[in-house]
C-alpha cells in the first residue's frame, strides 16, 4: 500500500465545499487502487487572517513544506478588499508558491465533447491547449509601491525576467510539447517591452535544443484575438506571469466554464500545488451549487504529476467525462433538458463512475 501526505488548503468562499469533494474522490481512488491519502489542513487566506491576523501563518506554511503535495480550493473575498496589500488573502498563495519554488503553472484548457454546446464560440473544433505560465517572477513579484510623481501620486510595479527564469519555464514548455502535438506558442509584447525582448531571445536560444518542436512568437494582444478566433490552433502556450493570468481565464471560457479547469504549479521537485483556476465565489458559498469539477480534475493532475499515478489520474478524468456524457451538470453548465445537480450530488455521481 502506497501512502501520500497531502496538505489541504480549503480557504475561503466555496473553497471548503470543492476541496471536500476532491478529497472524497481521492479517498475513493485510494480504496480502489490500494493507496492511502492522509490529509492535513493548512489554514491560509482570509480565514487565516480572521483567526491569526496573517494570511499565511508560519505553521500553515510549514505544513505545506512538509507535505508530498498541496491541494487548494480558493482564497479571498470582498470583505478583505480594503486590507493592506501584505495582509490580503492572495498574498498567502504568492507566499506558498514562492516558498515551495513553484515557478511553472500548468493550465490545461480542453473541451469535453459533451460541453460543446456550452462553448460560446460558433465552431469550437477540438480545443486542447496547455498554458504554461511563469509563476513566481515578473510584475507580480517585482518592486512595487506608491510614490510622488510628476503628476501627483502614482503607483508602480516593476516587471523583470532573468535569463534563468525564462530558460527554466521555456524548457518545461518544450518538453511538454514533445509529449503532445509538438508546437509551442511563446506569448510576449516584444514590440514595446524590453522584458519581452529578452524573453523572446532566450526562448529562441533554447529552442535550438528542441528541433522537433515548432516555435512561434505571438504578441499578447494578437494571442487574445486568436484564442477567440480559433483556439484549436494552439498546443502549448508559454508566457509570463501577468499575460498567463489573463489568457488562461480567457481560454477557460472557450471550453464552457471556468468551473471545469484545473491547474498544477510545479518546481524542481515532484511536490506541487494543485488548484482550480476559478476564485472563491463568495456569493454562492454554502449553497451546494458550486462546481467541484475543476478541483477534482486538479486532484487528478496531482496523481499524475506528483505521485506518478497515471492510471489513477485517468480514472478520475474518465469518471468526470462519463458524468458529463450522461447528462449531469452543475448550475454553471446547465443546459435545457439536462439534470442539474448540487456540489455534493455531482461528486457522488463522479465517485460512482470511478
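The values are calculated or read from the model by the stated rules, or taken from the named source; none is laboratory data. All of these numbers come straight from a predicted model, not from anything done at the bench. All Cβ positions, glycine included, derive from the backbone under ideal geometry; neighbour counts span all protein chains shown.
Given the criteria more than 30 Å from residue 49 (Cα to Cα) and at pLDDT below 95, does residue 127 qualify?
Against the criterion (more than 30 Å from residue 49 (Cα to Cα) and at pLDDT below 95), residue 127 qualifies.
For region 205-251, give me each residue that is surrounded by fewer than 18 Cβ atoms within 10 Å (Cβ to Cβ) and not in a helix (DSSP H, G or I).
Within region 205-251, 208, 209, 211, 212, 214, 216, 217, 219, 230 meet the criteria.
Among the residues of region 316-329, is any assigned to a loop (DSSP other than H, G, I, E, B) and closer than 26 Å to residue 92 by Cα?
No, there is no match, as no residue in region 316-329 is assigned to a loop (DSSP other than H, G, I, E, B) and closer than 26 Å to residue 92 by Cα.
Being in contact with a helix residue (DSSP H, G or I) (Cβ under 8 Å, 6 or more places away or on another chain) and surrounded by fewer than 16 Cβ atoms within 10 Å (Cβ to Cβ) is the filter; apply it to region 291-313 and report the residue that is nearest to residue 269 (Cα to Cα).
Only one residue fits best here, namely 310.
For the structure I just gave you, tell me whether residue 91 is modelled with pLDDT of 95 or more and either closer than 30 Å to residue 192 by Cβ or surrounded by 20 or more Cβ atoms within 10 Å (Cβ to Cβ) (or both).
In short, no.
Out of everything in region 131-153 that is in a strand (DSSP E or B) and in contact with a helix residue (DSSP H, G or I) (Cβ under 6 Å, 6 or more places away or on another chain), what residue ends up being farthest from residue 237 (Cα to Cα)?
134
Among the residues of region 281-289, is there at least one that is crowded, with 21+ Cβ neighbours inside 10 Å and at negative phi?
No, because not a single residue in region 281-289 is crowded, with 21+ Cβ neighbours inside 10 Å and at negative phi.
Hand me the list of strands (runs of 3 or more DSSP E) wholly inside region 1-87 holding 2 or more residues that are surrounded by 14 or more Cβ atoms within 10 Å (Cβ to Cβ), at pLDDT 95 or above and over 18 Å from the mean Cα position of the chain (by Cα).
Values: elements: 2-11, 35-41, 69-74.
In region 1-87, the matching strands (runs of 3 or more DSSP E) lie at 2-11, 35-41.
Might you check whether a residue that is over 19 Å from residue 72 (Cα atoms) and surrounded by fewer than 20 Cβ atoms within 10 Å (Cβ to Cβ) occurs anywhere in region 258-267?
For region 258-267, residues over 19 Å from residue 72 (Cα atoms) and surrounded by fewer than 20 Cβ atoms within 10 Å (Cβ to Cβ): absent.
Before we move on, is residue 117 touching a residue at least 60 places away in the same chain (Cβ under 8 Å), surrounded by fewer than 16 Cβ atoms within 10 Å (Cβ to Cβ) and not in a strand (DSSP E or B)?
yes
Residues are listed down the side, and each one gets a yes or a no for (1) in the same structural domain as residue 135 (by TED's automatic domain parsing); (2) touching a helix residue (DSSP H, G or I) at 6+ places or on another chain (Cβ under 8 Å):
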{"position": "175", "(1), (2)": "yes, no"}
{"position": "192", "(1), (2)": "yes, no"}
{"position": "220", "(1), (2)": "yes, yes"}
{"position": "237", "(1), (2)": "yes, yes"}
{"position": "248", "(1), (2)": "yes, no"}
{"position": "263", "(1), (2)": "no, yes"}
